[in-house]
1. Taking the stated definitions as given, is A:PHE129 in contact (Cβ under 8 Å) with a residue 24 or more places away in the chain, among the aromatic types (Phe, Trp, Tyr) and more than 13 Å from chain B (Cβ to nearest Cβ)?
2. Just checking, which of A:ARG38, A:ARG3 is assigned to a helix (DSSP H, G or I) and open to solvent by 70 Å² or more (accessible area, probe 1.4 Å)?
3. For B:ARG137, state whether it is open to solvent by 10 Å² or more (accessible area, probe 1.4 Å), over 21 Å from B:ALA217 (Cα atoms) and among the basic types (Lys, Arg).
4. Of the residues in the range A:93-119, how many are within 20 Å of B:ALA255 (Cβ to Cβ), assigned to a helix (DSSP H, G or I), open to solvent by 20 Å² or more (accessible area, probe 1.4 Å) and within 10 Å of chain B (Cβ to nearest Cβ)?
5. Do we have any residue at all in the range A:222-241 that's at the interface with chain B (Cβ under 9 Å from one of its Cβ atoms), in contact (Cβ under 8 Å) with a residue 40 or more places away in the chain, in a helix (DSSP H, G or I) and open to solvent by less than 30 Å² (accessible area, probe 1.4 Å)?
6. Which number in (1) in contact with a strand residue (DSSP E or B) (Cβ under 7 Å, 6 or more places away or on another chain); (2) under 25 Å from A:LEU60 (Cα atoms) marks the one condition that B:SER119 misses?
7. Does B:LEU116 satisfy the condition of being out of contact with any His (no Cβ under 8 Å at 6 or more places or on another chain), assigned to a helix (DSSP H, G or I) and either within 16 Å of B:VAL64 (Cβ to Cβ) or open to solvent by 60 Å² or more (accessible area, probe 1.4 Å) (or both)?
8. In this structure, does B:VAL100 turn out to be modelled with pLDDT of 95 or more and within 14 Å of chain A (Cβ to nearest Cβ)?
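The values are calculated or read from the model by the stated rules, or taken from the named source; none is laboratory data. What you see is a predicted model, and the numbers here were worked out from it, not measured in a lab. As a convention, Cβ positions derive from the backbone with ideal geometry for all residues, glycine included, and neighbour counts pool all protein chains shown. Surface areas here come from the heavy atoms of the whole protein model, side chains and all, with no ligands, DNA or RNA. Shrake-Rupley method; radii C 1.70, N 1.55, O 1.52, S 1.80 Å.
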Amino acid sequence: MNRSLVPVLGVLAVLLIAIAFVNPNFVDPPVFLAFLKRAAPLALLAAGQYFVIASGEFDLSVGSLITAEVVIAARLINGDADATWWVIVLLLVIGALTGLVNGTITTRFGVPSFIATLGMLLILEGAVFLWTDGAPRGALSDEFRMFGRNNVVGQIPWSVVILLLLGVGAVLLMRSDFGRTLMATGDNARAAALAGVRVSWVRTTAFILSGLSAAVAAVLLGGFGGVSAQVGRGMEFAAITAVVLGGVALGGGRGSVVGAMAGALTVESLFTLLNLLGVSGALEYAVQGLIIIAAVAFTSRRTDEHPRPGRGIRRGRAHHSVLK
Amino acid sequence: MTAIAARVRLPSGGGVHLALALVLVIGAVIVAVDGGNLLSQPSITGILHRSAALGIVAVGQTIVLLVGSLDLSVAYLISLCSLVAAETMAGQEGMVLPAVLAVLGVCVVVGLVNGLVVSLLRVNAFIATLGMALLLRGVIDDQYDGPAGQVAQGFQRIGYDRIGPIPVAALLMGAVALVAWFVLTRTKLGYRIYAVGGDVEVARLSGIRTAPVVVTAHVLCAVCAGVAGLFLASRLGAGTPTVGTDGGYDLESIAAAVLGGTALAGGKGGVVGTISGVLLLAVLDSVFNALEVDPFFKNVVRGTVIIVAVAVYAVRTRRPR
């Protein structure tokens, strides 16, 4: 097993055991599946963000992309069941297009992805409310909400099935040629380019995958929570946090997609545990902040003890390699 | 060394001044066609007022960006500082100085923690300051339900008074920028900040102890956020838990600095460009306000301007190779 997975799986196991200890019902299949259902959108988003981060970039636009997608879906479907399917296809197309634009601006024009996707965040937020005059309108159909809300068979929710299928897909993708070139690009873009990797295209594809993951997360979140102008707020930071907790280095070339998704489950189980312990909703953020800093401090110390060949022992990955 | 210093001193985002001039001229023409006057005295005062808070934060953000770090906690820190200031003052003139000192104390602690976590614990600055943002958010949400405290009457003059056409707020922004400019270009600390941001390993091998430089930069950035918090408290008359996040000061300050030619990777740029970047955004806002454009459209244009401007810089710097 990948060594970078050890810390996150350890933390996740401790948290899950702690939850089960506080609330023994947690191990009942329906309760545990409900937990996975809640975690599915963030886990998918973390997988998408993983591709971008592993390639050495950032995607800050996914939060407002989710909001935009949900608001667009509600306005276009407007309660009409027949519109469900083409709207879902349209959402996926919009997600992919957003990723394509992010990737093109970053790779062709040399704009740092932090700025390119920050600009995209502002544009999407402005555009979607411009279109709806400031407040979400319309309604989602039951067929649309089925994916985020209902079960496929028995007690197994749609969102868990989707998470499993896409998760397996992501793992297989990382084992394919694309995955290898993605890691090579994130590790050392110049070396990868000299070895014949089409770096621009690899990075753009990573942004497209991230946009698609935001579209799927939007379908699940819209179904689960309904239409609101707040639905995606802060999701970009939650996804990046999850990815980093999962042992993936900002700056690229390290970590695994399983780790990123495990990181998302860790964030979600942290919420669940804090809730069970009755930590007030407000202080929850403070505890979350502390734990995230501590966890990353712990992982970055661990990885520093085993410098990778060719990188120089004290090459400052800590605060320096972030935003190139 | 002097050659390097001389090169460093040049504002690398020279284009932003040109862009600012262009936007000002084009904006003035468009507003004039619409029957308004962008260059009227109230309008210019408005532009300066609008840019003060973001300008002060962005100057601090520029310092941490130059050292190769960044600070995502400034928005919540601003809110917290406005609350601390207003609660300490509680409307009494005599408590202004203690309030200012309390705010600076909070900022120094937050900056120290940010800097130490980044430099000694070697946590990625993005995560470290995002964690700090969550921490501050937790404290604010737990302690305050809404606006609290009241600033002293005399203190409100910082937010509203002006000397001739120039608001005191703009003078405050100018003073902060001037101090930062002096520190960055005329002191040992400034050269070290550029050196560490340019290449931390080279700086270390040249005998610079890099950790204190990074920590100092974070403290300076936090203090700037505190000054912005004080200004916003004086403007609103009370402390407000959402004043920092509503202004989007975390990401917008980074955008303004980069718009002004400061490199995200560190080591390149300066506060002069940043102030032009902030003024550019404020002029755009004023043009849209004068034309009574849908406020949501503003975000679309802001995002586009930021992307296009940075793309132009990037393409221009790449060409000579």
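1. Numbers: in contact (Cβ under 8 Å) with a residue 24 or more places away in the chain: yes; among the aromatic types (Phe, Trp, Tyr): yes; more than 13 Å from chain B (Cβ to nearest Cβ): no.
The answer is no for A:PHE129.
2. Working: A:ARG3 fails: assigned to a helix (DSSP H, G or I).
Among A:ARG38, A:ARG3, only A:ARG38 is assigned to a helix (DSSP H, G or I) and open to solvent by 70 Å² or more (accessible area, probe 1.4 Å).
3. On the way: open to solvent by 10 Å² or more (accessible area, probe 1.4 Å): yes; over 21 Å from B:ALA217 (Cα atoms): yes; among the basic types (Lys, Arg): yes.
Considered against the rule, which asks whether it is open to solvent by 10 Å² or more (accessible area, probe 1.4 Å), over 21 Å from B:ALA217 (Cα atoms) and among the basic types (Lys, Arg), B:ARG137 comes out as yes.
4. 2
5. yes
6. B:SER119 satisfies all of (1) in contact with a strand residue (DSSP E or B) (Cβ under 7 Å, 6 or more places away or on another chain); (2) under 25 Å from A:LEU60 (Cα atoms) except (1).
7. Numbers: out of contact with any His (no Cβ under 8 Å at 6 or more places or on another chain): yes; assigned to a helix (DSSP H, G or I): yes; either within 16 Å of B:VAL64 (Cβ to Cβ) or open to solvent by 60 Å² or more (accessible area, probe 1.4 Å) (or both): yes.
Judged against the criteria, B:LEU116 is a match.
8. Values: modelled with pLDDT of 95 or more: yes; within 14 Å of chain A (Cβ to nearest Cβ): no.
For B:VAL100, the condition - modelled with pLDDT of 95 or more and within 14 Å of chain A (Cβ to nearest Cβ) - is not met.
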